[in-house]
Every structure is written in C-alpha cells, then in structure tokens.
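Engineer: Quick one: the structure is below, questions incoming.
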Amino acid sequence: MVKLEPEILQAVEKPARYTGHELNAVHKNWDEVRCHFALAMADTYEVGMSNLGLKILYEVLNNREDTLCERVYAPWTDMEAIMRQRDIPLFSLESFREINSFDFLGFTLQYEMIYSNVLNMLDLAGIPIWAEERSDRDTFVVGGGPTVYNTEPICDFFDFFILGEGEEVISEVAAAFVAWDKNSRPGGRKGFLREVAKLEGIYVPSFYKVSYDEAGGFKSIEPTEPEAREKIYKRVVKDLDKVHFVEKPVMPYIGIVHDRIMLELFRGCTRGCRFCQAGTSYRPVRERSREYLRELARKLVDSSGYNEMSLTSLSSADYSCLGELVDDLFADFEGEKVSFSLPSLRIDSFSIDLAHKMQQVRKSGLTFAPEAGTQRLRDVINKGVTEENLMTAVEAAFKQGWKQVKLYFMMGLPTETDEDIIGIAELAEKVARKYKEVTGKWGVTITISVSCFVPKPHTPFQWFGQLPKAEFERRQRLLKENIRERAVKFHYHDARVSVLEGAISRGDRRLSKVIFQAWKDGAKFDGWTDLFKEDVWHEAFEKCGISMKEYNERQRSLDEPLPWEHTTPGVSREFLRREYDKAMAARLTEDCRRGKCSGCGVCPSLNVSIRDWKRDEVRIDV
Amino acid sequence: MYKYRAQLTKGDEIRYISHLDYAGVMERAIRRAKLPAAYTEGFNPHLKMSFASPLSLGVTSDAEYMDFELTKPLCQPEVFDKLSSALPPGIRLLKLKPVKEPKACQGKKHKALMAEVEQGIYEILLPLLGDWDKAVNAVKSYNTASEVNYHRVTPKKTRDIEVKQYMVEPVALSMSGDLLKLTMKIAITQSGSIKPAEILEILVKTYGLPGDMGKALINRSMLLGQGKPLIDLV
C-alpha cells in the first residue's frame, strides 16, 4: 500500500489529484473478490475524471460481486519525479494499492498523443512494457476507446484490446477471468488470452503474424492461434435503454475538465462527414428513450449535487425528441437551479432557438463547425452545410443577443487549394458583417479555430497523404494574411503535433519501437503543447530507421492492403471506396438516420439497427 | 430568508483541497441534501453561503464555519440530519444553529462570518528528531523573544512580517505519543495574520526545534470571536 508523506503532497501542484476518498468512489474488500481491475487514463486526473466511458465501466465492473474496480491516472511531471526519486510505484486512488497487484490495467485510449504516457505509466507501475516480457504473475494490460480501430502501433505493449462499446464485453472479460481463476488458471497467461480471444470484439495482437512485402510495405496479417478471428468487429450495444449508464459518478473535490453531469442522449452520427472517424466508428445511430433519459437525469442530479448538465452526443441537436426532452427536464428541475447545455450545435435556427431557451439569459458564446471555407470543399467532405445555412443560423443568434461566435475549420483536407483557405477568412468576415447588418453596430467577436487535418483509419480519407508540416504552416500564414476584419480572431493548431498524430494514427506494428524509443528519450504528455518534444520524436524515427513521411505523407494506393483493416467498426472497404470517389466528384451522401441507406455495412455486419424515435414519421425513403 | 451556521470538519481525506474547492464541495452537498437553499440573483445564481477564515492547503480542521440561507424555516434537527447525510468523506457536521437576526428596529445586522473571526487555535504534530530538552529550549527562546521577523515569499509578492504581534499566547509544547505537539493561539486580524506552518518553519529554522517538518500535520481546533467559538456567537 502506498502512503504519501505530507512533504510530498505539499510539494506538488494540485495534491488532491493523488489523495482519492471522493464521494461515490467504491471501496471493496480486496480479498473478497477474485477480479481486480484498475481503470486508467494516461492523462491527468482532471482529464481522466471527465471521461464518460470510464465512469460507465467503473460502475459496471463494481456492480459485479466478484470484481472490484479502482482508478488511476497519469501523475503530473512534478509528482512523477518524486515517485521515481523515492521508488513509489503507481497506485490506485481507492485502496492505494500498487497497480501491478491488480489483475487488469485497462487504458482508455482517447487519442494517439497519449501513447508515450501509457508506456510511462506501465513503467511507473513496474509492469513490463512489452507484452511478450510479461509473466504469469503480471497484470493483463487492456486497451479500449476511440483509437482501437488501429492499435497496431501500440499492440506490442498490450495483452488485448476491446473494440467498440465496452459496457457489455468488459463484464464478459471479468467473468472469463473469474472462471479461469476458479479453475486454477489453466494454460497460464496464454490460456487466459485464448479464453478472451473467443469473445466477440476482443483482439489479442500476439495471436497474429504480420508480413511485409519486399519493398517493406504491409502485406498481410494472419491469425496464428485457433481462437483468433480473421477479422474482429467492434462491439455495439443494441438497445441503450437496457445497459447500465452512470448513476453515481465519483465526485471530484477539485475542479475537473468537464465538471458537470453528462447525459448521453444517443450514440452514433451518420451525417457522414468524410474526414470524421467518430462518424464511422460509432455507427449506427441509437437513441435512448426520452423516459429513460429523464429517469437518469433525476438520479444523476440527486447523487452528484451538480447543477449543470450537458446533453452529450456526437451531434446532440439531432436527438429526435430534443425539444420535448428539454421541456421535460425544465419541468422536472424547476426550482433546483439546474442549467442545461448542448456541447455542439447544428447550423440551423432550430438549434439557435433551443440554445436560447437553454441559456435563458446568459449568452456565453456559440460554436459552429462549417469545417471548410468554400462550398466545393464542404461538398468534398460531405459536410452538407451551405453558406446560407450558416448565415441564417448566425442571423438568428445575433437577433437573440449573442455576440460571440466560434467557427471550427480544418486545414489540409483532400483537394484543398489556396482559394479554400482564403474562403475561411471570407466566410468569417461575412459572419462579422452579418452582425452589423442585424444589430446595426459593431462589437461582435468571431473566433475561427483551424485544426490540421489528420487522415484516420476506417474513413473515406484513409488513403490520403497528409500535408507536410511546412505546407500546413504556409497555409496558416496565408489565412492569417487574408483576415482583415478586426472582429475575427484566429487560432490554429500546432502542426508539429498534427503530423506526428498523422504518422501514428495510420501506423503499423513497426512503429512500436519508435514509440518506445521516444518514451525512453523523454517524450510524455505529448498532447500538452508546452511539454511536446518534437525533436525527441523525429530522432526516435531516425534511430529506428523508419521514415515518418512513409506513414503520414504517403498517398496510399486504393488497392493496397492496410494494416488496420482486421480491427473494424463494421464499415466496409467498398463503402469507404465509394465515398472516396464521391468526395473526388464533390457529391453528397445522405444521412441514413432518416434518409436513404448508404450501404456502409455496419447494420448487417453487426446485426444492429438504427434507433431514431421519429425515423418513421419523417423518413424520406422507406 | 432563514440563516443557519454550521461547524464542520475538514478531515485528513481532504487535507489537500483548497478553500475554494471546499466551498464548491459544500455547495454540492447542500444540493444533494435537498434543502430549500437560497440562491443569489443574476445570470449565474450561487448558493447564499459564506465561510470564516480560509484554511491553508494541507491543514485539517475541527472548526470550519459556514453560514448559509434557506428559503423556509426548517427545524434544526431536520437540517442537521439532511446535511449530515449528504456530506462526502472528510467532512462532518459537528454543530448547527439557526442564526437569529436582530430585529430590524435595532438597526444592526449580524456581522459577516469572516469579520467575526479574531483568533485561531492550531495544533501541530511532528516527529521529534533529537533531544526533548532542545525542543523545550527552542520553544522557550521563541516565546521570550520580543520581536520575530518572517520573510514571506508568495508567487505574487514578498513581504516582511513581525510575527510576535499575532501570538495571543505563548506556543505550548508537549508530547503526544511519540510525536511533538505544538499548540498555538494566533490572532487573525483585518490587516493580516501568521500561518501556523510559518511559525513552525521559524521554530525549526531559526530556533533549532528538532522536529521533522516534512512530516508535520497541522490541525485547526478552534476559531474564536469575542473569546468564544463562532458557533456560540449566534
């Protein structure tokens, strides 16, 4: 058991990151359960505590009588230094036990830039970093979350991965462990991996062999064990009303990133933006019922004491009964001073009216995502939003009194030209002028936030070569020069980080040694701009004799095998190919939520169907 | 509006949360308790609540005071039970009293909780690293010094403080098990005060108190106004 002396806690920033004892944290007797699960995020306490997936899995696991689940996050650099200096191992926030005494350490993999932190946490825990070096005594290291649709660059560090939605399968994993343990652990470590490999949605990377062609290109990946499937499909919950959702969130004593209730309305978004990995990986759309959401909202307010609730989803304004749900919630919580918010808005006046209603008087600022500066490019990415839509929406917003608008764009999208970049500036200026037109005065702030496009696996743009860093930076300058309106503020992402993300997100197994090298040389918290060490990463690629450009800048040929296709969210290669062709022709694809089926392959391959409560009323094509 | 005063603890579990975080935790506890709490007006309504003297990070307390308002005059036992059962680990409700506001014709209102605080009593426990006699002498020299200066450095500014002006009584020294125990009564004034951790630092660094500062645990045992615990002022 780890005990931290006052002098340690007095010396670090935000010591309450490490002291646990939060309300609703679950403390079970270690010796009374067979399965001990540590759930981790390789980021700070404040980020980890804000993750909805972890909150759900924490309750699901702790609801099992044979299992306990505790939390662990990445110590900040000040704490890490002390832990290394004093040989303090990584510990959990409930029992303060050493992480390597748990049976499982499960990481949620939210984005590629935390991989170095994953290695750092394994090292701090005293768990061998390479999966093949782990013995029967060692903790099983498990990964899940959004980046699992290409785990190849990190698969040598993990024993297995859970693909897709975890609330059902994680319980199956715990049950399989308990059975294996009761049975005196037949076959040792590998014996257990054989058991979990039989479960749907589980990928055991050591049960596969990768081959490369003579030129060094990825050729194929083949199962080497009878339990290993050729293709692993993600897990998906068919009815979101029938699975456990968070009811008693662990309440932090200190402020966290999302310090409010998150009420998840639905999963999936089929608007079909071609750059968006979430759009392909969470399909199909499945809504919770209005009644169940109401019930959950009540439980969450009562158990947390929060007075803020975010109605979360990939595109919350698309929830079919949103207007009615908001009315219900307003009625249920009248007099309790609970405020509600929508994390993302659709570009239309329905959204504006709703946002107006929800915010009542406080007008904090509105965010829209046109993503591209010209209609041509918006059609290429299938954004399905016109300049007219945007102008109507902002006009409504300005009439309601908003005077801060944030617009999200991407740079480096396929087929992008300088005209598209300048289009971003022009669009922002048109929005600023619209304010003058509507209100008759100046004083609006338009913030444009422009990220660098990273092509992602299992999207129609998975074949595209990413722009080189220098070209991103040239386009950033070009955009800056073209903004003349003072009301327009320009923020852009660090291209250095985006090109690394570009290399890793479409990487293969050979990148594991690069990630290991970079971590060895001091890479950590790469997602934190001030801690990002660009040189360390470039040197790591060089030391390993691997070209970064081969992974991020190379345009893949449409018929080459891709190293991530065996771990799939269910969208077919043929669908992605069709979408690629349509993108090149700037042709749109309908949202299958209410429109025509686009034949992505998810519903038949996962035996699941769309759930939208108003689908039948408004469906265009039945 | 109906005002209540609560005496709460800040336990070992939450030693390292800030004063502001403590207030946020209490705000959520009151909401969980389903008490008919009164809110401020405005765009961003907050619970009407106020606290006495803030506690430094790392210090526990048996004497945290909070005034809060309800829109209905609930009886003391009901408020006490509801609030108690909604508290997180690390906070206990020790006492609760309705605040009797003076009649309007008397022309005065209760002073703000913060303004009522005049003195705090703190206890520090730390391992003895050497002779007891040396410890006795260190405390004695400190107590008899007519003037002690402390150079306070914070991220924002540095300033020199004369410490003895804030000592209400001499520092008392005793043993508690195998730990040294220092008890100090400190004046808390509008113009400033001295922190118990700072007195400890002076005792160790200037007066040679043989104690392990890195393991010192500080607790506030009382906050006084007009010589009485704040809970007895209402």
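Please treat every number below as a calculation from the coordinates, not as lab data. All figures in this text were calculated on a predicted structure; none of them were measured in a lab. Counting neighbours? That spans all protein chains shown, and the Cβs are built from the backbone with ideal geometry, glycine included.
Engineer: Would you mind checking the tilt of helix A:115-125 against the longest principal axis of the Cα atoms of chain A, expressed as 0 to 90 degrees and rounded to 10?
Structural biologist: The helix A:115-125 is inclined about 30 degrees to chain A.
Engineer: Taking +1 at the Cβ of each Lys and Arg and -1 at the Cβ of each Asp and Glu, which of A:GLN10, A:ASN29, A:ILE114 sits farthest along the dipole of the range A:8-144 towards its positive end, judged by Cα position relative to the Cα centre?
Structural biologist: It is A:GLN10, whose Cα lies furthest towards the positive end.
Engineer: Please compute, for peptide A:253-261, the average count of beta-carbon atoms on other protein chains lying within 10 Å of each residue's beta-carbon.
Structural biologist: If you average over the peptide's residues, the count of other-chain Cβ atoms is 3.
Engineer: With a cut-off of at most 13 other beta carbons within 10 Å, and DSSP calling the residue loop, which GluC sites (Glu not before Pro) in the range B:1-76 qualify? Please list them.
Structural biologist: B:GLU41
Engineer: Any chance you could check the Cα centroid distance between the range A:443-459 and the range A:130-177 for me, in angstrom?
Structural biologist: So the separation of the two Cα centres works out to 31 Å.
Engineer: Which whole number gives the average, over all residues in A:16-28, of C-beta atoms from other chains lying within 10 Å of the residue C-beta?
Structural biologist: 4
Engineer: Can you give the Rg/Rh ratio of the range B:2-113, where Rg is from the C-alpha atoms and Rh is the Kirkwood radius?
Structural biologist: Rg divided by Rh gives 0.97.
Engineer: Take a quick pass over the range A:437-493 and tell me how many lysine pairs come in under 21 angstrom between Cα atoms, counting only ones 8 or more apart or on separate chains.
Structural biologist: 4
Engineer: Please list, in chain and number order, the residues 5+ apart from A:GLY365 or on another chain whose amide H is under 5 Å from its amide H, with Hs placed from the backbone.
Structural biologist: Here nothing satisfies the definition.
Engineer: Another one. I'd like the distance separating the alpha-carbon centroids of the range B:29-60 and the range A:355-409, in whole Å.
Structural biologist: For the range B:29-60 versus the range A:355-409, the Cα centre distance is 36 Å.
Engineer: Need one value for B:173-182: mean number of C-beta atoms belonging to other chains within 10 Å of its residues' C-beta atoms.
Structural biologist: Partner Cβ neighbours, averaged per residue: 0.
Engineer: Count neighbours as other Cβ atoms within 10 Å of each site's Cβ, and list the trypsin sites (Lys or Arg not before Pro) in the range A:433-478 that are DSSP loop with at most 13 such neighbours.
Structural biologist: Passing both the DSSP loop test and the Cβ count: A:LYS441.
Engineer: Can you return the aspartates and glutamates within cross-link range of A:LYS533? Criterion is Cα-Cα under 16 Å, with same-chain partners fewer than 8 residues away left out.
Structural biologist: In chain and number order, the partners are A:GLU112, A:ASP494, A:GLU501, A:ASP521, A:GLU542.
Engineer: Where the only charges are on Cβ atoms (+1 Lys, Arg; -1 Asp, Glu), what is the dipole of the protein assembly as shown about its Cα centre, to the nearest 20 debye?
Structural biologist: 2220 debye
Engineer: Taking 0.36 nm per residue of sequence separation and subtracting the Cα-Cα distance, how much length would be gained by fully extending the chain between A:ALA585 and A:THR445, in nm to one decimal?
Structural biologist: So the chain would gain 46.9 nm between A:ALA585 and A:THR445.
Engineer: Using unit Cβ charges (K, R positive; D, E negative) and no other charged atoms, how large, in debye to the nearest 20, is the dipole of the range A:248-308 about its Cα centre?
Structural biologist: For this selection, approximately 340 debye.
Engineer: Hey, another quick one. For the protein assembly as shown, what are Rg and Dmax over the alpha carbons, in angstrom?
Structural biologist: Final numbers for Rg and Dmax: 30.0, 97 Å.
Engineer: Quick one: among B:PRO102, B:PRO170, B:PRO77, which has the greatest mean-square fluctuation in a GNM of chain B with alpha-carbon springs under 10 angstrom?
Structural biologist: Comparing B:PRO102, B:PRO170, B:PRO77 in a Gaussian network model of chain B, the most mobile one is B:PRO102.
Engineer: Tell me, what ³J(HN,Hα) does each residue in the range A:241-258 have, in order and in whole Hz, if you take phi through Karplus 6.51 cos²θ - 1.76 cosθ + 1.60 with θ = phi - 60° and put x for Gly and Pro?
Structural biologist: Each residue of the range A:241-258 in turn: 7, 9, 10, 5, 10, 4, 10, 10, x, 5, 9, x, 7, 10, x, 10, 5, 10 Hz.
Engineer: Could you bin all the Cα-Cα distances of the range B:117-225 into 10 Å bins starting at 0 and give me the percent of pairs in each, rounded to whole numbers?
Structural biologist: For the range B:117-225, the binned pair fractions read 14, 49, 32, 5 percent.
Engineer: State to the nearest 20 debye the size of the charge dipole of the range A:6-233 about its Cα centre, where the only charges are +1 on K and R beta carbons and -1 on D and E beta carbons.
Structural biologist: 260 debye
Engineer: So, one more: Give me the lysines in straight-line cross-link reach of A:LYS182: C-alpha distance below 19 Å, same-chain residues under 8 apart excluded.
Structural biologist: A:LYS190, A:LYS198
Engineer: Give me the orientation-averaged projected area of the Cα convex hull of the range A:368-411, in nm², one decimal.
Structural biologist: So the mean shadow area of the Cα hull is 3.0 nm².
Engineer: Which whole-Hz ³J(HN,Hα) couplings does the range A:40-53 yield from phi under the Karplus relation 6.51 cos²θ - 1.76 cosθ + 1.60, θ = phi - 60°, glycine and proline marked x?
Structural biologist: Listing the rounded values in order: 10, 10, 7, 8, 5, 3, 5, 7, x, 5, 8, 7, 5, x Hz.
Engineer: Then there is this: Which of A:VAL438, A:VAL602 comes first, and how do the rest follow, when ranked by fewest Cβ neighbours within 10 Å?
Structural biologist: By the 10 Å Cβ count, ascending, the order reads A:VAL438, A:VAL602.
Engineer: Within straight cross-link reach of B:LYS215, meaning Cα distance under 26 Å, which lysines are found once same-chain residues fewer than 8 apart are removed?
Structural biologist: Cα-Cα hits under 26 Å: A:LYS3, A:LYS14, B:LYS10, B:LYS134, B:LYS140, B:LYS164, B:LYS181, B:LYS185, B:LYS195, B:LYS205.
Engineer: Quick one: angle between helix A:166-182 and the longest Cα principal axis of chain A, in degrees between 0 and 90, rounded to 10, please.
Structural biologist: 0 degrees
Engineer: Over all directions, the average projected area of the alpha-carbon convex hull for the range A:1-129 comes to how many nm²?
Structural biologist: Approximately 7.6 nm², given one-decimal rounding.
Engineer: Pick out, in residue order, every one of the GluC sites (Glu not before Pro) in the range A:173-239 that is DSSP loop and has at most 12 other C-beta atoms within 10 Å; say none if there are none.
Structural biologist: Passing sites in the range A:173-239 are A:GLU214, A:GLU230.
Engineer: Which whole-Hz ³J(HN,Hα) couplings does the range A:531-546 yield from phi under the Karplus relation 6.51 cos²θ - 1.76 cosθ + 1.60, θ = phi - 60°, glycine and proline marked x?
Structural biologist: After applying 6.51 cos²θ - 1.76 cosθ + 1.60, I find 9, 5, 10, 4, 4, 4, 5, 5, 5, 4, 4, 4, 4, 8, x, 10 Hz.
Engineer: Can you give the angle from 0 to 90° between the axis of helix A:290-304 and the longest principal axis of chain A, with both taken from C-alpha atoms, to the nearest 10?
Structural biologist: Its long axis makes an angle of about 60 degrees.
Engineer: Quick one: check the C-alpha center-to-center distance for the range A:1-43 versus the range A:67-116, whole angstrom.
Structural biologist: Here the two parts' Cα centres lie 9 Å apart.
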